[in-house]
Amino acid sequence: MNKQTEKIRQANEHIAWMENKKGRNHPLSTFREWMKKAGLSQRSEDWNPICIHVAGTNGKGSLCRWLSDLIMKKGKRVGVFTSPHLISHTERIQIDQSPIDLLGWDQIFNESKDFFEKNELTMFEMDLWMSLVYFSQTKPDVIIMETGLGGQRDATTALDYDLCLITNIGLDHMTYLGNTIEEIAQAKAGILIENTPAGLGRMDASAKKVIQKQAKIKKVPLFEVTDEQVRQFFSKHPQLDRIFRERMLPDYQKENFILALEAMKQLGYGYDDPELQDLASRFFWPGRFTILKNDPLIAADGAHNPHGIRALCESLKPGEFDQVYFSVLADKQAITMIELLKKKVPSIILVDFDTPRIADLIDLSTQCSLPVCSYETMLENLKKTDQNTLICGSLYFVGDLLRDF
């Protein structure tokens, strides 16, 4: 084994070690104290990037990609911290949409490992810490930080921001965030910072009311994206609307696009039609209605909770798909998602893929009268099917598919 191969092996071992360190994060005050002691910050005397915080139940990753595209269009460098990854752990830390190099990742890890072990950081906290180290080394003009769970107690909330964005609110991660839309909205509103502008995507009126109340208390200048605003914008920009349709970008991406565009306006950036058309023609965010094959149509979407599945179903044309391969984690509202899909697609097959967190598919099969197949059988069937097929239900499931298809 040569030295390069050995280094790669060690890096992958470190990733595996880190991915076994999941759990509840430490208090924000503790994370801030760690940063202070280490002299770690997202700002310094020679580096003062614009910092954007992104929260929400769904669409965070897509919004981060639209923001990244818009920022790079103006010739600025952008660092993004996002989760989860689809294929490689290094996807979580990016500069200009390129993941950190594996060996560069491992160098930062090795420098921090003793600290990680001594203080028992979670995987998410380690990822966040390493992103801050990497960004302080590479000094991008803009940093976009995506929350993991919620906002109020999320480790990313330990940082300072110039702009906060909340995509939408739905029922997910209820063990951590609350059992109602209002409770979850309250948790997400925890990212709001006094006198710092914030933007809201399209969401339930009850969720919006909770966030608006918190914004008023903290004197947060608030801007919002509405259905009517999205409709009017694309009505006034028919060429852009045509590009979205031709590229089969789902309706929820229009909402993410408008929120990103409004956010950039808040930061003083404007865009003409050719710039926006170019961005839309090249937009790509893996696992979000990714077209794997055109004839027959095979698409994969990472929708993994009722809110996300509903948004996906709203984007589907009548009869667009003949079948769905669906898999889901145990802590998700699987039956609700299946019922939504049944209204749009005539056939649903449950798929058993390799994760210890998978739902009890036998029980789900019995409750919903659906067949079950193995992941390997699904891959074989996709190679020879003549039916338009949608794959969804879990980002991890879709990530495996993108790796293997």
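Which of the residues spanning the stretch 255-287 are buried (at least 19 other Cβ atoms within 10 Å of the Cβ) and at positive phi?
287
Given the structure, is residue 222 over 19 Å from the mean Cα position of the chain (by Cα), under 24 Å from residue 89 (Cα atoms) and at pLDDT 90 or above?
Values: over 19 Å from the mean Cα position of the chain (by Cα): yes; under 24 Å from residue 89 (Cα atoms): no; at pLDDT 90 or above: yes.
No; evaluated as a whole, the condition is false for this residue.
For residues that are crowded, with 21+ Cβ neighbours inside 10 Å and aliphatic (A, V, I, L, M), scanning just the stretch 305-330, find the one that is nearest to residue 390 (Cα to Cα).
324
Do the conditions hold for residue 244, that is, is it surrounded by 17 or more Cβ atoms within 10 Å (Cβ to Cβ), over 20 Å from residue 74 (Cβ atoms), aromatic (Phe, Trp, Tyr) and in the same structural domain as residue 161 (by TED's automatic domain parsing)? Steps first, please.
Working: surrounded by 17 or more Cβ atoms within 10 Å (Cβ to Cβ): yes; over 20 Å from residue 74 (Cβ atoms): yes; aromatic (Phe, Trp, Tyr): yes; in the same structural domain as residue 161 (by TED's automatic domain parsing): yes.
Yes, satisfied.
I'd like the residue in the stretch 194-207 that is among the charged types (D, E, K, R) and closer than 13 Å to residue 57 by Cβ and, out of all such residues, is nearest to the chain's Cα centre (by Cα).
Among residues in the stretch 194-207 that are among the charged types (D, E, K, R) and closer than 13 Å to residue 57 by Cβ, the one nearest to the chain's Cα centre (by Cα) is 202.
If you scan the stretch 336-356, which residues turn out to be among the basic types (Lys, Arg) and under 15 Å from residue 391 (Cβ atoms)?
Applying the first criterion (among the basic types (Lys, Arg)) to the stretch 336-356 yields 342-344.
Passing the criteria: only 344.
So which residues in the stretch 66-120 are part of a strand (DSSP E or B) and either exposed (fewer than 14 other Cβ atoms within 10 Å of the Cβ) or more than 22 Å from the chain's Cα centre (by Cα) (or both)?
Residue satisfying the conditions is 98 alone.
Restricting attention to the stretch 51-65, and to residues there that are part of a helix (DSSP H, G or I) and of a type outside the set (S, T, N, Q), which single residue is surrounded by the most Cβ atoms within 10 Å (Cβ to Cβ)?
63
Exactly one of these conditions fails for residue 156: (1) more than 27 Å from residue 96 (Cα to Cα); (2) part of a helix (DSSP H, G or I). Give me its number.
Of (1) more than 27 Å from residue 96 (Cα to Cα); (2) part of a helix (DSSP H, G or I), only one is false for residue 156: (1).
Exactly one of these conditions fails for residue 135: (1) more than 23 Å from residue 75 (Cβ to Cβ); (2) outside any loop (DSSP other than H, G, I, E, B). Give me its number.
Failing condition for residue 135: (1).
Within the stretch 185-298, which strands (runs of 3 or more DSSP E) (wholly inside it) include 2 or more residues that are β-branched (Val, Ile, Thr) and out of contact with any Cys (no Cβ under 6 Å at 6 or more places or on another chain)? Even if it seems obvious, please write down each step before you answer.
On the way: elements: 198-200, 222-224, 290-294.
Output list reads 290-294.
Looking at the structure I just gave you, is residue 32 touching a helix residue (DSSP H, G or I) at 6+ places or on another chain (Cβ under 6 Å), outside the structural domain of residue 393 (by TED's automatic domain parsing) and part of a helix (DSSP H, G or I)?
For residue 32, the condition - touching a helix residue (DSSP H, G or I) at 6+ places or on another chain (Cβ under 6 Å), outside the structural domain of residue 393 (by TED's automatic domain parsing) and part of a helix (DSSP H, G or I) - is met.
Tell me which of these residue 283 doesn't satisfy, since it passes every other one: (1) in contact with a helix residue (DSSP H, G or I) (Cβ under 6 Å, 6 or more places away or on another chain); (2) in contact (Cβ under 8 Å) with a residue 40 or more places away in the chain; (3) over 21 Å from residue 365 (Cα atoms).
Condition (1) is where residue 283 drops out.
Show the residue pairs that are 6+ apart or on different chains and have beta-carbon atoms under 9 Å apart, the first residue being within the stretch 101-124 and free of Cβ contacts under 8 Å to residues at least 12 places away in the same chain, the second being part of a helix (DSSP H, G or I) and among the β-branched types (Val, Ile, Thr).
Listed pairs, sorted by first residue: 101/90.
The values are calculated or read from the model by the stated rules, or taken from the named source; none is laboratory data. Keep in mind that this is a model prediction, so the values were computed, not measured. Counting neighbours? That spans all protein chains shown, and the Cβs are built from the backbone with ideal geometry, glycine included.
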